[in-house]
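Here the structure is laid out as structure tokens; the discussion comes afterwards.
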Amino acid sequence: MRSALVTGGAGGIGEAICRRLAEDGFEVYVNYAHSEEKALKIAKEINGKAIRFDVSGKKEVDSVFCSIGHLDLLVNNAGISEIGLFTDISDDISEKILNINLKGAMNCARAALKNMIKEHNGNIINISSMWGQCGASCEVDYSASKAGMIGFTKALAKEIAPSGIRVNCVAPGFIMTEMNSRFSEEDLSLILEDIPLGIFGKPKHIADAVSFLASDKSEYITGQVLAVNGGMVI
Ligand code: NAP
């Protein structure tokens with residue numbers, strides 16, 4: 001049975017990815033930092049394993065991946081966002097965004113690759129954002145972290161392709177999850193006007209893209225950014 005680890009696996013998009021990968025036949029490690037109850041519930045329902053660690057803690061990440069050993073797929077999905085003027089965001093918050101979103105993904109990839117390279121087998125999927133492609137006002141640190149994930153994906157894909165490992169990125173548009181619960185009804189109707197397909201994204205849409213990139217149907221695809229955004233950024 002193929003194995004997959006999804007960081008932030010108990011979040012809105014993470015849960016959909018975990019459930020979809022389990023349907024696809026993966027044994028899934030559902031990572032969480034705080035949402036223990038939800039992670040345990042999801043893991044139980046999909047016959048997977050809930051696993052706690054903070055992606056920004058390098059030592060913790062190394063020791064967890066070392067104890068897991070063989071892994072076929074890593075999905076770097078954990079992320080946080082903060083809205084505010086660039087000049088109002090504190091150094092602490094800025095550091096936290098970069099450490100979780102970008103450095104966290106790099107920590108997990110570095111740890112997972114120790115085995116993947118030895119085994120000449122593996123697949124890494126990074127969940128970036130449309131804001132990493134085009135930048136968002138009042139989400140500058142977040143956009144920088146997500147743009148960093150795109151650069152990270154492309155460079156790593158080139159470096160480890162000779163080891164038979166693929167690295168791709170999914171760039172979601174506006175997906176209805178807890179992360180977007182702060183928007184008012186008025187904000188939401190303005191955002192909807194900017195989505196050509198006329199509907200908000202669902203976690204399922206991202207899970208479908210991950211499922212494709214995790215499968216043999218994408219065996220010749222690496223270093224790419226798959227935008228799943230209803231046409232919001234083209
Ligand atoms: P969400 O529901 O808020 O989930 C975020 C997840 O990240 C949570 O499961 C959380 O786990 C986890 N996380 C946060 N800090 C962590 C840490 N230090 N270590 C491990 N896990 C950590 O958000 P979402 O909408 O599903 O977002 C998932 C990913 O998609 C994020 O990377 C986000 O940037 C990206 N994205 C989302 C949208 C959107 O519109 N929703 C658009 C573009 C990109 P705990 O609860 O256990 O802390």
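Tabulated data for the structure shown
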read-out	value
Residue satisfying all of: in region 1-16; part of a helix (DSSP H, G or I) and under 17 Å from ILE80 (Cβ atoms); farthest from the ligand (Cβ to nearest atom) among these	GLU15
Residues (surrounded by 15 or more Cβ atoms within 10 Å (Cβ to Cβ), among the polar types (S, T, N, Q) and closer than 23 Å to GLY12 by Cβ) located in region 191-234	SER211, ASN229
From the options ASP92, ASP62, residue that is under 30 Å from TYR220 (Cα atoms), free of Cβ contacts under 8 Å to residues at least 60 places away in the same chain, more than 13 Å from the ligand (Cβ to nearest atom) and in a helix (DSSP H, G or I)	ASP62
Among residues of region 164-179, those that are under 14 Å from the mean Cα position of the chain (by Cα) and not β-branched (Val, Ile, Thr), counted	6
Residue within region 25-42 that is part of a loop (DSSP other than H, G, I, E, B), at pLDDT 95 or above, surrounded by fewer than 18 Cβ atoms within 10 Å (Cβ to Cβ) and within 13 Å of the ligand (Cβ to nearest atom) present	yes
Check on SER56, hydroxyl-bearing (Ser, Thr, Tyr), crowded, with 18+ Cβ neighbours inside 10 Å and out of contact with any Asp or Glu (no Cβ under 6 Å at 6 or more places or on another chain)	yes
Residue match in region 43-57 (condition: part of a helix (DSSP H, G or I), under 17 Å from the mean Cα position of the chain (by Cα) and within 11 Å of the ligand (Cβ to nearest atom))	no
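The values are calculated or read from the model by the stated rules, or taken from the named source; none is laboratory data. Quick caveat, the model's predicted, so the values are computed rather than measured. Every residue, glycine among them, receives a Cβ derived from its backbone with ideal geometry; neighbour counts consider all protein chains shown.
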